[in-house]
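Each value in this text was obtained by applying a stated rule to the coordinates, not by laboratory testing. Note that the coordinates shown come from a computational prediction; the quantities given were computed from them, not determined experimentally. Here the Cβ is made from the backbone with ideal geometry for all residues, glycine too, and neighbour counts use every protein chain on show.
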């Protein structure tokens, strides 16, 4: 259980960072909707788990937050990437691609065999 | 460093809680609102929209809970919470807290005090630069052999020293007798020692003719020269020789021991063949040169040792330095105290174990009363780990408080220890409560807390929920009884072990103090009267000085008799001399047997009350003339002459031409220590009269005689008279070490005395703690059985029956504990064997006495709770909860 959560936390962090990179400053709800949108219906997660992940990223200094006003005039807390966060997106993207490439090599022959 | 940043952020997250909570609530609320609005826009009713938003979020409170775990440091928060709670519990039970803290403070304090000794003496590196490279060569060498070693060894730089040479400081008011250490010029450089003032000796400072230097120790400089910095470069008169003061060493430089007051270059005069090759045999220290190992140094020194035999102008016995080696200097310096310190450490760790067991038992009793509290917590959802953790936090807290008081006790204890241990214990002054000792104590306290807290905590957390909530106090589980009894038995057996050890040491010390040393110890005052050696260049001047001194002393009213001897029995000094014995030739090339040579005035045997067993004592004619006579001890006579009568046979001091006639035999006296007449490396004892022929090795008559005065007067009066007489004769001559013979004797046993005293103190502490422990257990057992006892009484049992029923329980613990204790003592007392005299480590009397002491003590401890049980009023007992 713990392991799965870790994997999820790891990928979730990257998704958040990537979202903020492309969308600029955004509040928690917006990030959640965006992630859901992009992943289609495949990912259905409690939005609640998003907030500890945001907190962690903020503690690590990759994102910063401040209170602002949303499109429909609601008070909301907006998150945005810091400079360290931008670097982290690049680094993690690279790592993720590498992992993916390696895994692909493992997976590819099997698919051919079967 | 991302993680560090995160940890700091989380640490900060523990504060401003209200503000952060408000922010979180606001953020989640805005999330839910936005989501609800979106849903409504998609056509849902307000209620459905909000419910969906909440479900997607996973619940507001649940989300907050996960969020909080991430915001702060949960383990730290829990710890603080537990600590706060623990502190509150301790405040609410002042009785428990006081007893537990006091018990632990005693245990931890004793351990801290002993550990600070172990740390300062055995563990801490020597206070010299790069102490790891300092070594000791285990043999001893005369000057000539040392100089050869200094020139020849490649793997290490060597230096030598000889402590205990004595010097009169004159020309500055009343003469003072000082102890100095002769050192080779390299010594200070090898140790890497810096002077406080002036300079140390440099190589070459011990060249003959350019060696009239002296370096003072800080304390001497202060006392005798008023701390005058202008002393450097001035000359002072030591033994009539003028020496230039070139340096002052700081107060914390104590080499080879705290006894040394000054350092003087070794006089390496190779023309003086006797002194050069047969004078003091000195220890050698060295510093490994860079890149060489201990093994290389050892190999080189062994090779040198083989060559060394050829260097001597005469053949050396093959046994000389036969087992030569090179060992770390520290190991060599503290070899003697090591065993004793480790024994003491073992004893105090037993005390700490007993203290732990005691507090564990207390905690168990308290846990029984807290069963309901714990059950409620469990019911509210605390898991077992959480409960154990909280209980352990509490016990570690108790232990830490105990540890703090323990450190306070230890600072006092260390002072007492330093006073109790013999003053010549190496590095004693280095022992102090420093950071490493405090770290040790802190670690020990935490360990202690876990040790005494774990069993009760596990036990308490296991308590069945339903049972605890429904049952009354009577239903304390069997497990608890067994654990408790086991703990009581354990502490009794630890206490028995310590009592046996203390008993053996007491027996041994008693045997030692009852030893008849073979001479009178009462009504004798001793003093070392030491003219300069140069004063005795003319032996007759020296002899007549002492003779006149004795005559004047005997003229003092109240003084019965006075005499002189070069080495006072049990005085810590030995004079060795090789002898030839008539008709007992030694192999060519070997020296004759070594004897302890006592040079005495004729009154000596009278003052010391040593009767003559055969032949005659010395007469005044022997002293004034130059008659060549000798007296031997009974053991010596047996050893060398056997059944033949030694009287009338002849002996010769090696290097003498003339034979001496043995004129008498006197009984053996314990001169080396209370166990031995002579040390193992000597073969016998000989007495010669103090005349011009009574020469020591080196060919001089002794010039540092001990004067012994037999008088019924107060020692202070005798000593005043002695000082007066000496001042009248020669004001340049100092008198030192003035003390009654009985003090000399008791000082010779200061080591066993201190070990015994400490063990007795520890054993007493162990017995007290053990008694408190078994009292507590039995009192608790009685309190849990009150209702049962009430029933028994109600249906006709007599109070007497109840009394015996409970007493039997107590007696059973005590008996089992004692048996375990005796068994472990059988296995462990052999460790003490080296400290024992005249008693076997398995002495049945001691074992029996220890068992009896512990048996009586525990039964007394049982008596109070047992009486309480017998006096139970059945009506009260049956209503009891």
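Taking the Cα atoms only, what angle lies between the long axis of helix B:799-828 and the longest principal axis of chain B, rounded to 10 degrees? For helix B:799-828, the angle is close to 50 degrees. Exposure proxy for B:218, B:19, B:459: other Cβ atoms within 10 Å of each Cβ, ordered fewest to most, give B:19, B:218, B:459. Diffusion of the range B:2-72 by Stokes-Einstein, at 4 °C in a medium of 1.567 mPa s and with Rh set to the Kirkwood radius over alpha-carbon pairs, works out to 96 µm²/s.
Over all directions, the projected convex hull of the C-alpha atoms in the range B:31-128 averages 13.6 nm² in area. For chain B, the longest principal axis of the C-alpha atoms and the axis of helix B:2-12 are separated by about 70°. The order of B:771, B:60, B:709, going from fewest to most other C-beta atoms within 10 Å of their C-beta, is B:60, B:771, B:709.
When restricted to Cα atoms, chain B yields an Rg and a Dmax of 38.0, 138 Å, respectively. In the protein assembly as shown, the C-alpha radius of gyration followed by the widest Cα-Cα span (Dmax) gives 41.6, 138 angstrom.
Under the criterion of Cα pairs below 8 Å and six or more residues apart, the relative contact order for chain B equals 15 percent. Normalised by 2.2 N^0.38 Å, where N counts its residues, the alpha-carbon radius of gyration of the range B:531-733 equals 1.03. Summarise the long-distance tail of P(r) for the range B:185-331 by giving the % of C-alpha pairs beyond 22 Å. Every Cα pair in the range B:185-331 considered, those over 22 Å come to 52 percent.
All C-alpha pair distances within the range A:19-80, sorted into 10 Å bins from zero, spread as 21, 54, 24, 1 percent across the bins. Quick one: angle between helix B:844-870 and the longest Cα principal axis of chain B, in degrees between 0 and 90, rounded to 10, please. That works out to roughly 30 degrees. Calculated mean residue ellipticity, 222 nm, the protein assembly as shown: -18000 deg cm²/dmol, from DSSP H runs (n ≥ 4) at -39500 (n - 2.57) each, averaged per residue and rounded to 500. The radius of gyration of the Cα set in the range B:480-609, together with its Dmax, comes out at 26.3, 86 angstrom. For B:205, B:434, the sequence from fewest to most other C-beta atoms within 10 Å is B:434, B:205. Restricting the calculation to Cα atoms, the range B:398-454 shows an Rg/Rh of 1.08 when the hydrodynamic-style radius is the Kirkwood one.
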